[in-house]
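The values are calculated or read from the model by the stated rules, or taken from the named source; none is laboratory data. Quick caveat: nothing in here was measured; it's all calculated off a predicted structure. All Cβ positions, even for glycine, are placed from backbone atoms using ideal geometry, and neighbour counts span all protein chains on display. Just so you know, the surface numbers come from the protein's heavy atoms only, side chains and all, with ligands and any DNA or RNA stripped out. Shrake-Rupley method; radii C 1.70, N 1.55, O 1.52, S 1.80 Å.
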Amino acid sequence: MSFLKEISQLVKNNFLSGIDVLSRHAAQISAEIQQGERRNYNEVLDLSSGDLHRGGIKPITFVRQVLAACLYPALLEDDSLPLDVKQRAESLLRECDGGSVGSYTDSSGIAKIKHCVSQYITRRDGGVPSSPDNIFIKSGSQTIMLKLLIRSKDSCQTGVLIPVPTYASFTLALEEQGAAIIPYHLCEEQGWTLQVEELRKALHTGRKTCNPVALYICNPGNPTGHIQSRKSIEEVIRFAAEERLFILADEVYQSCVYADDTEFYSYKKVLSEMGSTISSTVELASFNSVSKGFMGECGLRGGYVELVNLDPAVKEYARRLFSTRSCPPVVGQMALDLMANPPRPGDPSFPTFSEVSVFAELPGISCQPLKAGFFVFPCLHFPPKAIKWAKKRQMEPDMLYCLHLLEETGLHVRPGCEYGQRKDSHHIRFNIMEDALQRLKTFHTRFMKEFS
Amino acid sequence: CHAAIIKMDLKKKKKKKLYWAHIWMHGTPSICQLRLILYILHVCSVISRFTPEILRKGIHGDTMTENGCEYRERVLTMDTMNPNVKRVEYAVRGPIVQRAVQIERELKMGIKKPFTEVIRANIGDCHAMGQKPITFFRQVLALCSYPDLLEDGKFPEDAKSRARRILQACGGGSLGAYSTSQGIEMIRQDIARYIERRDGGITCDPDNIYLSTGASDAIVTMLKLLVSGEGMSRTGVMISIPQYPLYSATLAELGAVQISYYLDEDNCWSLDISELRRALQEAKKHCSPRALCIINPGNPTGQVQSRQCIEGVIRFAAAEKLFLMADEVYQDNVYADGCKFHSFKKVLFEMGLEYSEKVELASFHSTSKCYMGECGFRGGYMEVVNLDPEVKVQLTKLVSVRLCPPVPGQALLDVVVNPPQPDEPSYDTFIKERTDTLATLAEKANMTQEILNQVPGIKCNPVQGAMYTFPRIHLPPKAILEAKEKEQTPDMFYCMKLLEETGICLVPGSGFGQRDGTYHFRMTILPPKEKLKIVLAKIKEFHQHFMAQYS
């Protein structure tokens, strides 16, 4: 019998319950299809994560050519690669010790790449200066920020405000660090907007049981597909200033904006234009990554955090924490450089979605318009018969819906219960791709008929 | 004299606590002077428990500051930050390296120094010091990265077949897709077979393999699992002194209790079971010891533990119910005659069911060391043995927080455990590159210990394995005194001087731990042979000069 039964309480209290039945089933079906089993579909369409490549989108050729040349510099002597690829690879390799991507780099990332990222940020924000000193290259840097903010040994838990709905692994990270989660609900009826009143309410409630220190925002939203207006961002910043909250701005979907009348405003830009008392004091950490956007290189693990108005002494400790992780993967750093400084001109091969009410004709489904990001979060209006059926099976109705959707059409999407939703409301997180839409339509019509 | 009494309220869970401080001043203090006093007091430990907010409220209440701005104290300050973070130190990339970087900048700007380049012998980074990557590995990775190259006749067929196989196991056939958190299944299966081959056929279950972002990631994950409890029942983890400071840093970060056991410098840094026993007994008085970490081959010491020693450790762990963590990242780096790498798993299973069914073990490996030296890929894995099934479920959940390890690193691991076979086209080149790399390291290890041992005042144990030397340096009392005045540990003082005078960057022994009153430094054996000779000569010269200066 193991003595290791008594493990860290922090690890035990994890958000996700048990082994994921939906993913396991999807894997099983894929294996069965490979072994020749016949179904009304040829393959499982996996939309369970924001992973473009897994969903069938091809990587950008220029990116992969540069990476290949960096990995195997003998290719630089080759005729097979275009000149601009070679030049970019050479300039990147010059920044690596020993000219090899196998060397360690500075813990916060290669200096030239951080510089490139800071220039990207400045361009994006119409000239607002960005210093490489405030940039740390690291995927999953949210965890490092949480480690700084969360005092797990205090008798009064450190609290972080998070939106409902929100994606699961961030909640998991919070639980792992021993933070108290203070949910604030996004307003579905108004397109999943962030209402400051709701923030205020949540904070007030949170203060009764914990010590709130940070406000987590995901803009553009995951799973909602919402994008914040400039006015909304200003309100949130003012709220954070008044209530003394550290803003964690997850902006990884910033380059996926579709609607013609919408524009992405970075928290940093809006902050910088709000008058010196606020712009020089409100603390902000802004996250971006190569996993989303037009490159979709999730597996390379490239990302960065830009820190704004951080206490210099604290920043030194952040640097130290980063140093114990040695350094970010070099291939991921290079992908980041390519994202921040893509070849010009040239349209990235990114699927364009149009802001269309795709679910209009389907009964029992309503959806806020997709403005940005990869996903929409349509609301499923289950008839009472369906709710009863789920209760009998002892499962969340939307999870059960997803299982059957997977079984009958091979479409793997995630249920709303994993992201948080108002009581008695049900959703799925969905990518608007043609194939997926078709499969969903077929299944949903049948489903609603059966349970009417 | 006028007394300005400052009264501060400290609200604590509805209970009011009043703190008084008396300040005697000449004249009537102005707002500015009061603010200055408070600032000074704030710096003193007398009111270090007060948050800046209390101070602010005590003086300003809710009014404006002098220049009309609403004073807003930061949310995240040294006082409000997670206190565990303050205890984190990582010497390998610490202050001496920061100074080395500064000096490099100065050299670039044209500032004259007694040397023309900084030699970074502080970190185990082979490629940075000129070691070449293994051609076959890089070919496979390039093919995986840009699959169009599969049509390119210049790549050998064996590299192509491996690339195809890896890509098939990736989502959407791309290195850019997330993998499962535990790592790509096919790769874990390949690693399991590699381990079976290495350990003479002892079964390895791929489900017990967890791929990670370098071995460091897996080590931190296991420690997170292990650390729990409060006060007397707070987890204690046994680590060697000296040790690779990832362990001490992580224990500090997690607020766990570090239980130090000393390696025996007089006996080639060997591990003495009686010392383990001593450390454990001592620790039991104030914590709950749960794990024992061992690095073999050792970092920074370079010792390769004998089979006997490993058996002794396993017996000890079994008797004392300790979770064993075996850091084996240098397993191919064994140089000394008569030394051999014995994996903890192999020894465990050869000790019979009494141990192999009971002792819980995690072994760690990585792509960063050995003959690959691919640090920048952050490829690594751990194998867990006899883990409680419920705990394993928690482990699988825990690794899912960071989504997945970098896929290029996973792909690299796969090709490391599937190298060219004798009947394949790339075999000859591969074997030559691997042999040459390891032979060069062995040569340099030998050369290093020989030359350093010729220096009076430096004593160097044999570099049996790994990539470092950890010689003991005898410092004269005068030097120790001056170090104290400068508020530096004596070996930091020594290393800083060495850096400033010769441009050689080493890490002081205090960064790894050492017996009180002893001083060491860690130097890598990685610079190219000719440069290494020069480095060693310079250290010899510096040491003699240093001794003369401070006698």
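Observations
- 3J(HN,Hα) couplings calculated from phi for the stretch A:177-183 with the Karplus curve 6.51 cos²θ - 1.76 cosθ + 1.60 (θ = phi - 60°) are, in sequence order, 7, x, 8, 8, 9, 10, x Hz; Gly and Pro show x.
- Net charge of the neighbourhood of A:L146, taken over other residues with C-beta under 15 Å away and scored Lys/Arg +1, Asp/Glu -1, is +1.
- Charged-residue dipole, Cβ positions (Lys, Arg, Asp, Glu), chain B about Cα centre, Debye nearest 20: 2240
- Two-site label geometry, A:V21 and A:S425: point separation in nm, points 7 Å out along Cα→Cβ: 2.5
- DSSP beta bridges in chain B [antiparallel fraction, %, rounded to 5]: 60
- Qualifying trypsin sites (Lys or Arg not before Pro) in the stretch B:282-346, DSSP loop, other Cβ atoms within 10 Å at most 15: B:K285, B:K321, B:K340
- Simple label model, 7 Å out from Cα along Cβ direction - B:R193 to A:N211, nm: 5.5
- Test item: A:240-246 mean partner chain Cβ contacts at 10 Å: 2
- With R₀ set to 51 Å, the beta-carbon distance separating A:A360 from A:E242 gives a calculated FRET efficiency near 0.80.
- Counting only Cβ charges, +1 for Lys and Arg and -1 for Asp and Glu, the dipole size of the stretch A:138-326 around its Cα centre is about 820 debye.
- Threshold 50 Å² - residues in the stretch B:137-153 whose accessible area is reduced by that much or more when the chain is no longer isolated, probe 1.4 Å: B:R138, B:S145, B:Y146
- DSSP-defined beta bridges in the protein assembly as shown - what % are antiparallel, rounded to 5: 55
- Shown is the FRET efficiency for A:N42 and B:R99, computed with R0 = 51 Å from the Cβ-Cβ distance and rounded to the nearest 0.05: 0.25.
- Inter-probe distance in nm under a simple model that places probes 7 Å from Cα toward Cβ, at A:K112 and A:R230: 3.7
- A straight Cα-to-Cα reach below 17 Å connects B:K540 with the lysines B:K444, B:K459, B:K497, B:K529, B:K531, residues fewer than 8 places away in its own chain not being considered.
- Cα gyration tensor, the stretch A:138-326 - rounded (a/c under 1.5), prolate or oblate: rounded
- Vicinal HN-Hα couplings computed from phi for the stretch B:459-475 (Karplus, 6.51 cos²θ - 1.76 cosθ + 1.60; Hz; Gly/Pro x): 10, 10, 6, x, 8, 6, x, 6, 9, 9, 10, 10, x, 8, 10, 9, 9
- Total accessible surface hidden between A and B, rounded to 100 Å², 1.4 Å probe: 7500
- The Kirkwood radius of the protein assembly as shown, taken over pairs of alpha-carbon atoms, gives through the Stokes-Einstein law at 25 °C and 0.890 mPa s a diffusion coefficient of 81 µm² s⁻¹.
- Stretch gain in nm, segment B:M186-B:I111, where the contour uses 0.36 nm per residue and the Cα spacing is subtracted: 21.6 nm
- For A:K58 and A:Q87, a Förster radius of 25 Å and the Cβ-Cβ distance give a FRET efficiency of 0.60, rounded to the nearest 0.05.
- For chain A, the share of DSSP beta bridges that are antiparallel, to the nearest 5, is 45%.
- The stretch B:183-252: C-alpha gyration tensor shape, a/c 1.5 cut-off, then a/b vs b/c: prolate
- Average accessible area per residue (Å²) across the stretch B:289-362 - probe 1.4 Å, nucleic acids and ligands excluded: 32
- When the pairs A:K86/B:K369; B:K224/B:K345; A:K114/B:K112; A:K231/A:K371; A:K147/B:K285 are compared against a 18 Å limit on Cα-Cα distance, A:K86/B:K369; B:K224/B:K345; A:K114/B:K112; A:K147/B:K285 fall above it.
- 10 Å Cβ neighbours from other chains, averaged over peptide B:505-511: 0
- Overall form of chain B per C-alpha gyration tensor (a/c, 1.5; a/b vs b/c): prolate
- Amide hydrogen proximity for A:G303: with H placed 1.01 Å from N in the peptide plane, the residues at 5 or more positions away or on another chain lying under 5 Å are A:K138, A:S139, A:V290.
- For the protein assembly as shown, the fraction of 1.4 Å probe accessible surface lying on carbon and sulfur atoms is 52 percent.
- Within the shell defined by Cβ-Cβ distances under 12 Å, the residues around A:E77 carry a net charge of -1, with Lys and Arg each +1 and Asp and Glu each -1.
- Counted by Cβ distance under 14 Å from B:E185, the other residues give a net charge of 0, where Lys and Arg count +1 and Asp and Glu count -1.
- Of the GluC sites (Glu not before Pro) found in the stretch A:26-77, the ones in coil according to DSSP and having at most 14 other Cβ atoms within 10 Å of their Cβ are A:E37, A:E43.
- Annotation: amide H-H contacts under 5 Å for B:S306 (H modelled 1.01 Å from N, sequence separation of 5 or more, or interchain): none.
- Assigned charges on the beta-carbon of Lys, Arg, Asp, Glu; chain A dipole about Cα centre (debye): 1100
- Virtual paramagnetic centre 7 Å along Cα→Cβ of B:S551, amide N under 12 Å, in the stretch B:456-474: B:456-457
- For the stretch A:138-326, with +1 on Lys and Arg beta carbons and -1 on Asp and Glu, the positive-most of A:L203, A:P165, A:N219 along the dipole: A:L203
- Heavy-atom accessible surface of the stretch A:138-326, averaged per residue, reaches 30 Å², computed with a 1.4 Å probe.
- Taking every alpha-carbon pair under 8 Å whose residues sit at least 6 apart, chain B reaches a relative contact order of 17 percent.
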